[in-house]
Amino acid sequence: MEIITDIPALRLYLKRESVIAFVPTMGNLHEGHLSLVRLAQQKADCVVASIFVNRLQFAPTEDFDQYPRTLADDYKLLENQGVNVVFAPDEKGIYPVPQEFLLEPPLLANELEGEFRSGFFRGVMTVVLKLFNIVQPQVAVFGKKDYQQLQFVREMVRQLNLPLEIIAGDTVRAPDGLALSSRNRYLSGEERAEAVRLYRALSNIKQEVEAGNRNFQQSCKNAQENLASNGWRVDYIALRQRDTLASAGEGASDLMVLAAAWLGRTRLIDNLEIDAR
Ligand code: PAF
């Protein structure tokens with residue numbers, strides 16, 4: 001496995017490759033990331049993973065400084081998984097000058113995650129576009145756990161005519177159902193035991209809607225109250241149309257329930273697909 005930290009060296013190395021599949025990450029890798037790598041390996045002989053904690057997508061009040069940086073462990077995991085190239089630039093490599101050209105995401109960026117994380121999607125989309133330009137992959141793999149991000153990436157590729165295919169990887173869960181996330185390592189032992197309640201709340205909504213309950217607002221409100229009464233601070237629980245993330249009317253069938261909530265000082269997000277036929 002090649003570990004490359006600067007753009008000219010990466011470009012030179014990748015010149016010889018005809019099909020590249022790309023997995024962008026912020027490091028602190030877990031089985032969720034490795035499952036994306038495995039999807040990438042089905043698509044190309046050369047898999048590039050990037051590790052870059054992107055300051056641009058963190059608000060000043062967020063956890064940029066505390067975000068777990070575990071490069072040595074990440075390299076081992078990627079090497080064992082058979083990744084060909086790790087691109088691990090430093091901040092000056094990606095932002096040699098202040099990034100003044102920013103990618104403006106659609107209005108939906110003010111809803112769901114965007115309502116609670118100001119500037120988040122501008123930062124994500126800007127760095128993803130830069131990484132696409134640097135790596136120039138034919139395929140890129142993103143996890144469904146960050147579903148709004150995945151939808152924006154798909155839409156950016158479509159609207160900006162980028163010559164690559166986006167593949168979506170399923171959320172990987174711990175045996176009790178908690179979605180794997182780098183931020184799970186912030187949870188205390190007690191919080192870790194409680195954290196599964198978010199998945200259970202979403203599973204209840206899924207069950208109710210799939211059983212024919214069309215009172216979406218009430219289902220979300222019940223889930224929110226259940227979490228709040230167990231010490232959570234809920235940012236949102238929302239039922240949306242799966243393909244557009246627009247509000248779901250009563251007749252909608254391909255749905256998604258999405259949530260973000262705080263357990264102590266840790267913000268967890270999760271989502272589930274719902275087939276309401
Ligand atoms: O999902 C992530 O880890 C990040 O948002 C991404 C796509 C690597 C951009 O920094």
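The values are calculated or read from the model by the stated rules, or taken from the named source; none is laboratory data. Owing to the predicted nature of the structure, the values given are computational and were not obtained by experimental measurement. Methodologically, a virtual Cβ is constructed for each residue, glycine included, from the backbone with ideal geometry; neighbour enumeration extends over all protein chains shown. What goes into the accessible areas is simple: the full protein's heavy atoms, side chains included, and nothing from ligands, DNA or RNA. Shrake-Rupley method; radii C 1.70, N 1.55, O 1.52, S 1.80 Å.
Tabulated results
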{"read-out": "Helix-only [θ]222 nm of the chain, DSSP H runs n ≥ 4, -39500 (n - 2.57) each, per residue, nearest 500", "value": "-11500 deg cm²/dmol"}
{"read-out": "Under 17 Å between alpha carbons - lysine pairs in the chain that sit 8 or more apart or on different chains", "value": "4"}
{"read-out": "Ranked packing of 8-17, 23-32, most packed first, by mean Cβ within 10 Å", "value": "23-32, 8-17"}
{"read-out": "Stokes-Einstein D for region 1-58, Kirkwood Rh over Cα pairs, 25 °C, 0.890 mPa s (µm²/s)", "value": "196"}
{"read-out": "Solvent exposure of the chain as accessible area per residue, Å², 1.4 Å probe", "value": "49"}
{"read-out": "Dipole magnitude of region 181-277, debye to nearest 20 (Cβ charges: Lys/Arg +1, Asp/Glu -1, about Cα centre)", "value": "320"}
{"read-out": "Projected area averaged over orientations for region 148-247, convex hull of C-alpha atoms, nm²", "value": "8.2"}
{"read-out": "Cα Rg, Dmax (largest Cα-Cα span) when computed across region 30-158, Å", "value": "14.9, 41"}
{"read-out": "Dipole-positive endmost among 177, 8, 248 within the chain (Cβ charges, Cα centre)", "value": "8"}
{"read-out": "Chymotrypsin sites (Phe, Trp or Tyr not before Pro) within region 86-119: DSSP coil, no more than 12 neighbouring Cβ in 10 Å", "value": "101"}
{"read-out": "D (Stokes-Einstein, µm²/s), Kirkwood Cα radius, the chain, 1.002 mPa s at 20 °C", "value": "109"}
